[in-house]
Structure formats: C-alpha cells, structure tokens
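One structure coming up, written as structure tokens, with questions to follow.
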Amino acid sequence: MIADLRQIVERRLIGGSIPRLVRWGKVLPPGLVRRIQMDGFRRAVRYAGVHQKFFSRKLREAGLRAEQVRRPEDLGGIFTTPEDIRGLPAEEFLCREPQAVFETTGTSGGPKRVYFGYDELDFAARYEAAVFYENGLRTGDRAVCTFDAGYWISSWVTFLACKQLDVFCSAVGKPTPQEVYDRLSLYRYNVIVADPTWLVSLSEIAEKQGSFPVKLIFAAGDRMTDPYRDYVQRIWNAPVMLGYGSTEMGGGAGMECRERQGYHVDEFNLLFEILDPDPEGYGELVVTTLSRRTMPLIRYRVRDITRFLDGTCPCGMPIRRLARIRGRRDEMVVMGAGNMYPEIFEKVLGDVPGLSSNWQVAVRQEGLHDVLEFRLELTNGVSASAMEDAVRKNLEARYPDVWANQLCGMYRLAFRFCSPGSLVHGRKRKRLVDERGE
Ligand SMILES: [Zn+2]
C-alpha cells in the first residue's frame with residue numbers, strides 16, 4: 001500500500017506538468033491526501049530521527065523511538081520553536097549539505113536561518129505554480145514580483161514557480177513603486193506579485209497617473225485588510241488573491257482560490273496542526289515539513305493563530321483551507337471582552353471615515369475592570385464624536401459577542417483622540433497592546 005502511495009506521489013507530485021497536477025488535485029479523494037500526508041510525516045520523523053541532532057536528542061529525552069511515532073500527537077510535547085532555530089547552531093538542524101540559505105526576521109531577537117537544497121526550492125515552487133495556474137496564470141502572461149529579495153525566500157520561489165509555468169517573470173527585489181510603474185507598459189506586465197503595502201503605494205500612483213491592463217494580482221507577506229484589497233482591485237480592475245507563507249514553510253504555504261474563502265494549503269509539502277484550539281477551532285498553527293531533507297522541521301511552532309475551515313470549498317479542490325490569520329500568539333490579549341486579536345480591530349476600524357492608519361488599541365485596567373481604549377488620529381476634520389459613534393457601531397455589528405460583554409459590564413470602552421502624526425510607531429508597530437500591570 002505504502003509503495004503504491006510513493007509511486008503516486010512521485011508520478012504526480014514530483015514529475016509531470018503543472019496543469020496535470022492541478023487537474024489531478026481536483027479529483028483527489030481527501031482520504032488519499034491524508035494518507036499521503038501521514039506517510040510523509042512518518043518518513044520525515046524517521047529521517048530526522050536519524051539525521052538531525054536536535055530532533056534525535058528530543059526523541060531520546062522523551063524516551064521515544066522514531067518508529068513508534070505514527071501521528072503528530074505521538075510526539076507529545078516535542079516541538080521545534082522559533083527560539084530553537086534562532087538560538088542553536090545550524091548543525092543542530094542540518095541533515096545534509098545545504099545549497100541555499102534564507103533568513104527571516106522577527107519582532108525580537110536575531111534572524112532565523114533556514115537552509116534548503118535546490119530540489120526543495122523547486123518542489124516548493126511547484127505548489128506555488130499550481131495555485132498560480134489554478135488562479136489563471138498562463139504562458140504568455142508577464143509577471144513582475146516585487147517581494148523583498150536579499151535573504152528572503154519568496155521572490156526566489158515565485159521566480160521558480162513562473163519558470164515551471166513557462167511564464168515571463170521579473171523578480172527584481174523591492175524597487176520603489178514608481179520604478180515599476182514606469183516599466184509596466186515597457187515590459188507589458190499583466191500580473192503583479194507584491195506585498196500589500198507596496199501594492200497600495202503602486203495603486204496610489206496609478207490612481208493619479210492612469211492604470212494599465214492587469215489580469216491578476218497576488219499579495220502576501222503581510223496582512224491585507226478588506227478596504228486595502230477593495231481599493232487595489234478597483235484601481236486595477238483585477239482580482240487580488242492573498243497568499244500566506246514564511247521562510248520556515250518554504251515560501252508559500254497557502255493561497256486563496258477564486259472563491260477567496262481561506263487559503264488552500266500545500267498539504268503535500270506540509271502537515272499542519274492546530275494546537276490547543278478554542279471552541280471555534282482557533283489555535284496556534286504547527287507545521288511539519290514533509291519533503292525537505294536538508295533542514296526538516298518537525299512540529300514547528302509558527303506562532304500564528306488560525307483554524308481550519310470546515311467543509312469543501314465551492315471551487316471543488318479537496319485540499320484543506322486555513323482561515324485568515326487572526327494574529328500572532330504573542331499578540332493575543334485575554335480580557336473582559338474575550339480573546340482579542342489585532343485582526344478584530346482591523347475589521348472594526350478599517351472603513352471608518354477620517355481615521356488615519358496610525359491607530360492603536362490598548363487594554364488598560366481601572367480598579368478591577370478592563371478598559372479597551374481606542375487611540376485614534378483624527379484627519380479630514382471629522383469630529384471625535386462622529387468617529388466614536390462609527391467605531392461603536394462597527395464593533396456592535398461585526399463582533400456582537402465582544403459588544404455584549406461590554407453591555408454586561410465585563411469591560412468598558414474608552415476613546416482617546418490624538419493629532420495626526422502623534423501615534424507613529426516602529427516598523428513592526430503593535431496594533432494591540434496590553435498595558436495592565438503584572
Ligand atoms: Zn477553493
């Protein structure tokens with residue numbers, strides 16, 4: 001049975017054309033996807049148990065043998081954390097001679113370094129090529145990718161994905177939006193791959209100077225709120241598809257389909273778990289790399305909060321979907337209003353007229369009660385009371401549970417209005433801060 005699975009995986013996933021892979025992906029029974037994954041998981045565990053110092057030590061300490069591990073739960077409390085990767089020497093994780101290294105920066109501490117082989121980058125790009133194809137990218141299209149290059153992985157994987165689809169691609173690092181705008185017509189780019197804030201800047205130029213025919217826009221690398229997405233789509237008259245990924249996950253881990261109901265994840269390269277889910281299914285994302293042999297990661301704590309979406313996607317693809325990321329685990333604040341994430345306030349504040357993008361929400365304490373304080377900058381001469389009304393209305397309509405907790409006295413709402421420019425934070429500004437005493 002297992003030998004058959006390997007044959008399937010090798011014939012369909014590693015070899016063959018991308019259109020064939022996508023067609024096959026649509027008729028694949030979900031049960032078979034699961035079996036391919038669990039087979040991949042057991043192989044990855046056995047491999048890392050022999051070749052990776054870090055993981056073999058963890059197994060030894062837990063008194064486990066790799067052959068006993070059949071499912072992620074069998075590993076109990078064994079995880080790989082961002083702190084492990086950042087703090088330990090690469091030799092702890094490397095299982096074979098690497099051919100490439102990428103870095104990822106966090107909000108604290110030094111960079112995390114993740115090593116790859118060329119074959120692994122190609123395989124990761126195969127998934128990205130498949131979702132590009134499913135979303136309509138075809139030979140003859142011309143893509144420009146402006147993900148930051150340098151030690152970041154995403155622009156390289158996008159380049160390799162376009163190569164697999166025989167699509168013209170300029171992966172040019174992150175030039176200014178004006179530099180790319182000036183070349184849109186010259187190089188006839190009709191597909192743009194970029195991070196959300198850069199896309200908004202490019203769109204602002206196009207709004208003033210005119211837009212060009214664009215077929216598809218892919219955005220990733222940051223969260224993109226609906227008002228930004230709507231704006232970019234309106235300027236280019238093209239759909240914006242969102243992706244999710246990281247260097248540790250090998251670039252793209254998931255991307256939306258045309259239905260845009262969550263990210264279809266790369267279940268052939270990656271096995272996802274949701275750790276300690278709440279009643280709605282939200283918990284911390286944990287990922288095991290199934291096919292990587294240079295620096296496999298077994299049960300890596302991604303620290304992002306998300307959940308699996310139930311049911312089959314209307315697009316028909318049996319590949320599971322993750323909901324949009326709610327926030328980082330370390331950004332979650334547990335308080336009288338419930339479990340608060342930055343995403344909640346992005347949704348509440350995103351379309352409030354006259355509000356600058358420099359807002360912050362703080363959780364304070366007054367006596368024995370929590371206070372949820374909105375710190376907002378007023379622009380365009382909108383009055384403070386009109387803005388407060390708009391925020392209260394959005395909170396009530398979009399998060400009735402959060403609103404109800406306020407009505408029954410679990411916390412109090414407060415507003416502080418500041419002059420424009422007074423709420424400027426660092427590059428990774430914190431949207432939601434917990435200022436209650438220890
Ligand atoms: Zn779908």
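The values are calculated or read from the model by the stated rules, or taken from the named source; none is laboratory data. Quick caveat: nothing in here was measured; it's all calculated off a predicted structure. Positions of Cβ are backbone-derived with ideal geometry, glycine not excepted, and every protein chain shown enters the neighbour counts. SASA here: full protein model, heavy atoms, side chains in, ligands and nucleic acids out. Shrake-Rupley method; radii C 1.70, N 1.55, O 1.52, S 1.80 Å.
For the range 259-279, check the following and say yes or no: at least one residue is away from the ligand (no atom under 16 Å from the Cβ), open to solvent by less than 20 Å² (accessible area, probe 1.4 Å), over 30 Å from R96 (Cα atoms) and in contact (Cβ under 8 Å) with a residue 24 or more places away in the chain.
Within the range 259-279 (the criterion being away from the ligand (no atom under 16 Å from the Cβ), open to solvent by less than 20 Å² (accessible area, probe 1.4 Å), over 30 Å from R96 (Cα atoms) and in contact (Cβ under 8 Å) with a residue 24 or more places away in the chain), the answer is no, since none of the residues qualifies.
In this structure, is R96 closer than 30 Å to C257 by Cβ and open to solvent by 20 Å² or more (accessible area, probe 1.4 Å)?
Working: closer than 30 Å to C257 by Cβ: no; open to solvent by 20 Å² or more (accessible area, probe 1.4 Å): yes.
Considered against the rule, which asks whether it is closer than 30 Å to C257 by Cβ and open to solvent by 20 Å² or more (accessible area, probe 1.4 Å), R96 comes out as no.
Between a residue in the range 313-332 that is among the hydroxyl-bearing types (S, T, Y) and any residue that is more than 14 Å from the ligand (Cβ to nearest atom), which pairs come within a Cβ distance under 6 Å, given they are 6 or more apart or on different chains?
If the second residue must be more than 14 Å from the ligand (Cβ to nearest atom), no pairs are left.
Which of the residues that make up the range 343-383 are assigned to a helix (DSSP H, G or I) and surrounded by fewer than 21 Cβ atoms within 10 Å (Cβ to Cβ)?
Start the filter on the range 343-383 by keeping residues that are assigned to a helix (DSSP H, G or I), which leaves 343-349.
Selection gives E343, E346, K347.
So that you can scan it fast, the table gives a plain yes or no per residue for (1) more than 21 Å from the chain's Cα centre (by Cα); (2) under 21 Å from Q261 (Cβ atoms); (3) small (G, A, S):
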| residue | (1), (2), (3) |
| --- | --- |
| V180 | yes, no, no |
| W198 | no, no, no |
| P213 | yes, no, no |
| V240 | no, yes, no |
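For the structure I just gave you, tell me whether P400 is out of contact with any Phe, Trp or Tyr (no Cβ under 8 Å at 6 or more places or on another chain) and closer than 22 Å to C418 by Cβ. Break it down stepwise before answering.
Details: out of contact with any Phe, Trp or Tyr (no Cβ under 8 Å at 6 or more places or on another chain): yes; closer than 22 Å to C418 by Cβ: no.
No.
To continue, here is another question. Exactly one condition in (1) at pLDDT below 90; (2) within 17 Å of I325 (Cα to Cα); (3) open to solvent by 20 Å² or more (accessible area, probe 1.4 Å) is not met by P196; state its number.
P196 satisfies every listed condition except (3).
Select from the range 237-253 the residues that are among the hydroxyl-bearing types (S, T, Y), within 19 Å of D122 (Cβ to Cβ) and open to solvent by 10 Å² or more (accessible area, probe 1.4 Å) and list them in ascending order.
Filtering the range 237-253 for residues among the hydroxyl-bearing types (S, T, Y) gives 244, 246-247.
Pick out the ones that are also within 19 Å of D122 (Cβ to Cβ) and you get 246-247.
S246 - this is the single residue of the range 237-253 that is among the hydroxyl-bearing types (S, T, Y), within 19 Å of D122 (Cβ to Cβ) and open to solvent by 10 Å² or more (accessible area, probe 1.4 Å).
Tell me which of these S108 doesn't satisfy, since it passes every other one: (1) modelled with pLDDT under 90; (2) within 26 Å of the chain's Cα centre (by Cα); (3) under 26 Å from Y127 (Cβ atoms); (4) of a type in the set (G, A, S).
Looking at each condition in turn, S108 falls short on (3).
Ok, one more. State the number of residues belonging to the range 48-88 that are in a helix (DSSP H, G or I), free of Cβ contacts under 8 Å to residues at least 24 places away in the same chain and among the small types (G, A, S).
4
For the range 161-170, what are the residues that are surrounded by 21 or more Cβ atoms within 10 Å (Cβ to Cβ) and either out of contact with any Leu (no Cβ under 8 Å at 6 or more places or on another chain) or without any contact (Cβ under 8 Å) to a residue 60 or more places away in the chain (or both)?
First pass over the range 161-170, keeping only residues surrounded by 21 or more Cβ atoms within 10 Å (Cβ to Cβ): 161-162, 165, 169.
If the condition is that a residue be surrounded by 21 or more Cβ atoms within 10 Å (Cβ to Cβ) and either out of contact with any Leu (no Cβ under 8 Å at 6 or more places or on another chain) or without any contact (Cβ under 8 Å) to a residue 60 or more places away in the chain (or both), then A161, C162, C169 are the ones that fit.
Taking the range 384-416, which residues are in a helix (DSSP H, G or I) and either of a type in the set (A, V, I, L, M) or touching a Pro at 6+ places or on another chain (Cβ under 7 Å) (or both)? Before you say what the answer is, go through the steps one by one.
Step one: of the range 384-416, the residues in a helix (DSSP H, G or I) are 384-398, 400-407.
The answer is A384, A386, M387, A390, V391, L395, A397, V402, A404, L407.
Please go through the range 285-334 and pick out each residue that is in contact with a Ser or Thr (Cβ under 9 Å, 6 or more places away or on another chain), part of a loop (DSSP other than H, G, I, E, B) and away from the ligand (no atom under 16 Å from the Cβ).
Across the range 285-334, the qualifying residues are M295, P296, L297, I298, R299, I325, R326.
If I ask for residues that are open to solvent by 40 Å² or more (accessible area, probe 1.4 Å) and either among the aromatic types (F, W, Y) or within 23 Å of Y133 (Cα to Cα) (or both), which ones from the range 206-222 would you list? Can you show your working first?
Initial filter on the range 206-222 (open to solvent by 40 Å² or more (accessible area, probe 1.4 Å)): 207-209, 211-213, 215, 221-222.
Hits for the range 206-222 are F212, P213, K215, G221, D222.
Only residues that are of a type outside the set (A, V, I, L, M, F, W, C) and in contact (Cβ under 8 Å) with a residue 60 or more places away in the chain: list them for the range 292-311, please. If you could, list the steps in order and put the result at the bottom.
To start, the set of residues in the range 292-311 that are of a type outside the set (A, V, I, L, M, F, W, C) comprises 292-294, 296, 299-301, 303-304, 306-307, 310-311.
Scanning the range 292-311 gives R292, R293, T294, P296, R299, Y300, R301, R303.
Now for a separate question. Restrict the check to the range 400-410 and report whether at least one residue is under 25 Å from I305 (Cα atoms), open to solvent by less than 40 Å² (accessible area, probe 1.4 Å) and among the hydrophobic types (A, V, I, L, M, F, W, C).
yes
Next question, about the same structure. Quickly run through the range 225-258 and pick out the residues that are within 15 Å of the ligand (Cβ to nearest atom), out of contact with any helix residue (DSSP H, G or I) (no Cβ under 6 Å at 6 or more places or on another chain) and in a strand (DSSP E or B).
M241, L242, G243, Y244, G254
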